[in-house]
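Inspection log for the structure reproduced underneath, given as structure tokens.
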């Protein structure tokens with residue numbers, strides 16, 4: 001029985017229309033941003049806007065965030081992937097909760113926890129540590145909102161390792177940390193790297209928790225997203241180009257992450 005061309009099928013036409021409209025909603029703002037940036041030539045005035053300090057601070061803090069996430073998040077991801085214990089499902093939900101928390105709530109939670117009058121504030125004060133409105137606060141805020149991306153990807157990477165491979169290594173005498181370091185970690189390395197890249201991209205774009213917990217002090221806590229917010233009223237064109245720089249870095253991170261995940265499957 002001959003089939004009608006797709007353009008004569010009402011169902012397919014409705015499907016394509018809905019898909020096209022939603023695609024425009026997601027893509028058109030980025031295209032408009034790029035067109036405005038090219039038309040304004042605002043990159044010529046960027047050096048005087050504090051972009052150098054903001055870019056440097058963003059790169060340093062996100063690098064520290066990725067390092068902290070890798071060192072502390074990898075053991076946690078392995079535990080969540082391989083161990084069985086009570087309330088594991090609840091813990092998994094709590095670990096993913098920062099992904100959907102309103103940014104202001106995330107910053108408020110950090111302030112209530114680590115602020116001078118917060119849960120650990122007095123103890124930190126006795127040690128001479130003052131976290132709020134410091135560069136360390138930027139790293140903590142970035143880690144809080146971006147680590148779930150790594151935990152989720154790393155957990156899937158560990159779960160994807162065939163059990164028979166590790167069992168064979170145990171038969172050959174490998175066990176404990178040696179098994180993890182020489183077998184499990186290398187086999188999941190690409191998934192872990194992809195998770196770290198995604199986590200870095202999320203940390204790079206972090207705004208809400210940072211401005212509430214760390215403030216926006218030029219050269220100290222003012223990262224690239226905060227710079228966009230601060231210069232928006234003074235110079236829209238400069239804000240657009242700063243935003244485009246962030247878009248380019250995020251796009252590169254996303255492409256790298258997808259490539260790493262594809263390499264893992266091949």
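The values are calculated or read from the model by the stated rules, or taken from the named source; none is laboratory data. Note that the structure is a prediction, hence the values are computed from the model and not measured. So basically every Cβ, Gly included, is an ideal-geometry build from the backbone, and we count neighbours across all protein chains shown.
Brief remarks on what is shown
- Extreme residue, nearest to residue 136 (Cα to Cα), among residues of the stretch 216-234 that are without any contact (Cβ under 8 Å) to a residue 40 or more places away in the chain and in a loop (DSSP other than H, G, I, E, B): 216
- Just one residue in the set 136, 147, 169 is in contact with a helix residue (DSSP H, G or I) (Cβ under 6 Å, 6 or more places away or on another chain) and either under 30 Å from residue 218 (Cα atoms) or exposed (fewer than 13 other Cβ atoms within 10 Å of the Cβ) (or both); that residue is 147.
- Beta carbons closer than 9 Å, at least 6 apart along the sequence or on distinct chains, never pair a first residue in the stretch 126-143 that is within 14 Å of residue 57 (Cα to Cα) and not assigned by TED's automatic domain parsing to the domain that holds residue 203 with a second that is part of a helix (DSSP H, G or I) and at pLDDT below 90.
- Checklist (1) in contact with a helix residue (DSSP H, G or I) (Cβ under 8 Å, 6 or more places away or on another chain); (2) under 16 Å from residue 58 (Cα atoms) applied to residue 217, failing item: (1)
- As a summary of the residue check, residue 14 satisfies the conditions (1) farther than 21 Å from residue 245 by Cα; (2) at pLDDT below 85 except for the one numbered (2).
- Residue check: residue 104 meets all listed conditions (1) assigned to a helix (DSSP H, G or I); (2) under 21 Å from residue 68 (Cα atoms); (3) touching a residue at least 24 places away in the same chain (Cβ under 8 Å) but one, namely (2).
- Among (1) at pLDDT 90 or above; (2) surrounded by fewer than 20 Cβ atoms within 10 Å (Cβ to Cβ); (3) not in a loop (DSSP other than H, G, I, E, B), the one test that residue 237 misses: (1)
- Only one entry of 180, 213 meets the criterion of being closer than 16 Å to residue 81 by Cβ, over 14 Å from the mean Cα position of the chain (by Cα), touching a residue at least 24 places away in the same chain (Cβ under 8 Å) and in the same structural domain as residue 139 (by TED's automatic domain parsing), and that entry is 180.
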